[in-house]
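Q: Before anything else, here's the structure in question.
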Amino acid sequence: MVRSTSWQQYRTAIGDRSDMFRMIVETWPIDNALYPGSYVDVSPSSAIPVVTYVDTDARAARYFADPSQVATELRDHRRPGSEPRVHFLAADYTQPLPIADGSVELVISLFAGPVWDHCGRYLRPGGWLLANNSHGDASIASLDPSLRLVGAIHHGADRYRLRTNNLADFLIPKRPETADLGQIRRAGRGIAFTRSAFAYVFEKL
């Protein structure tokens, strides 16, 4: 038997990321997003009108199968006057998804592995990638010439802060020889940067 879970339970463990997504939407005009490896973290829907969540975990499938529970949990967190549209794919994001290439405005990669390698195709030119470095995705993005860094997100004392200027000091490897895509992908571990952040926002050129 698969034990059920909820966003409320999950955000007790990881914290509420709603403020981070509100800051992102206030900075860039994002109407839809793709969140591979989401589990039950529906915090993007507190700010983004349409979000497609993707996960293979049976507990996530059970959670999203009850739209009333999702709507109830989002009620006190969503933007006033908004009615988020939540979609869920019980799928492995490393395989092709039923999503048109270039149709997504934001791809989210948080603690989920090499999302950019497999899901970058769905992001439209001029769209954004939100990635952290836990499995090396931000490192992979930093070495991709089709992306440029436009934001750094810091997290501390239960607060998120978004920085969009003076970004030249970020994404600099402590050891230049570690900036090797093959090594990052094999190890599943990111580059150690001289200055780091909780997550980074990249724009697709």
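The values are calculated or read from the model by the stated rules, or taken from the named source; none is laboratory data. Keep in mind it's a predicted model, so treat the numbers as computed, not measured. Don't worry about glycine lacking a Cβ; one is built from the backbone with ideal geometry, like all the others, and counts go over all protein chains shown.
Q: Failed condition for V150, given (1) crowded, with 24+ Cβ neighbours inside 10 Å; (2) within 17 Å of F193 (Cβ to Cβ), with all others met?
A: Just one mismatch for V150, condition (1).
Q: Filter region 71-124 down to the residues that are crowded, with 17+ Cβ neighbours inside 10 Å, in contact with a Ser or Thr (Cβ under 9 Å, 6 or more places away or on another chain) and acidic (D, E) and list them by number.
A: E73, D117
Q: Among the residues of region 153-181 satisfying the criterion of being loosely packed, with under 13 Cβ neighbours inside 10 Å and of a type in the set (K, R), which is farthest from the chain's Cα centre (by Cα)?
A: Among residues in region 153-181 that are loosely packed, with under 13 Cβ neighbours inside 10 Å and of a type in the set (K, R), the one farthest from the chain's Cα centre (by Cα) is R175.
Q: Turning to a different aspect of this structure: Residues being over 18 Å from E203 (Cα atoms) and not in a loop (DSSP other than H, G, I, E, B): count how many of those fall in region 9-35. Quick ask: steps written out before the conclusion?
A: Going residue by residue through region 9-35, those that are over 18 Å from E203 (Cα atoms) are 9-19.
Subset that is not in a loop (DSSP other than H, G, I, E, B): 9-14, 18-19.
The total comes to 8.
Q: Given the structure, is I184 crowded, with 19+ Cβ neighbours inside 10 Å and within 25 Å of L89 (Cβ to Cβ)? It would help to see each step written out before you state the result.
A: Values: crowded, with 19+ Cβ neighbours inside 10 Å: yes; within 25 Å of L89 (Cβ to Cβ): no.
It is false that I184 is crowded, with 19+ Cβ neighbours inside 10 Å and within 25 Å of L89 (Cβ to Cβ).
Q: Could you please let me know if F64 is modelled with pLDDT of 95 or more, surrounded by fewer than 21 Cβ atoms within 10 Å (Cβ to Cβ) and not small (G, A, S)? Steps first, answer last, please.
A: Working: modelled with pLDDT of 95 or more: yes; surrounded by fewer than 21 Cβ atoms within 10 Å (Cβ to Cβ): yes; not small (G, A, S): yes.
Yes; evaluated as a whole, the condition is true for this residue.
Q: Shifting gears a bit: It is to be established whether one or more residues within region 171-186 are in a strand (DSSP E or B) and farther than 21 Å from C119 by Cα.
A: The first filter runs over region 171-186 and keeps only residues in a strand (DSSP E or B), leaving 173.
Imposing the further condition that a residue be farther than 21 Å from C119 by Cα reduces the set to 173.
Within region 171-186, one or more residues are in a strand (DSSP E or B) and farther than 21 Å from C119 by Cα.
Q: Could you check region 80-113 and list, in sequence order, the residues that are of a type in the set (S, T, N, Q) and at pLDDT 95 or above? So that I can check it myself, show each step before the final result.
A: Of all residues in region 80-113, those of a type in the set (S, T, N, Q) come to 82, 94-95, 103, 109.
T94, Q95, S103, S109, listed by residue number.
Q: So D144 clears everything in (1) within 25 Å of Q9 (Cα to Cα); (2) crowded, with 16+ Cβ neighbours inside 10 Å; (3) among the charged types (D, E, K, R) except one condition, right? Which one?
A: Among (1) within 25 Å of Q9 (Cα to Cα); (2) crowded, with 16+ Cβ neighbours inside 10 Å; (3) among the charged types (D, E, K, R), the lone unmet condition for D144 is (1).
Q: I would also like to ask the following. Of the conditions (1) surrounded by fewer than 22 Cβ atoms within 10 Å (Cβ to Cβ); (2) in a loop (DSSP other than H, G, I, E, B), I48 satisfies every one except a single condition; which number is it?
A: It fails just one condition, (1).
Q: Which condition number does T56 fail, the rest of (1) of a type in the set (S, T, Y); (2) closer than 25 Å to D19 by Cα; (3) out of contact with any Leu (no Cβ under 9 Å at 6 or more places or on another chain) being met?
A: With (1) of a type in the set (S, T, Y); (2) closer than 25 Å to D19 by Cα; (3) out of contact with any Leu (no Cβ under 9 Å at 6 or more places or on another chain) applied to T56, the lone miss is (2).
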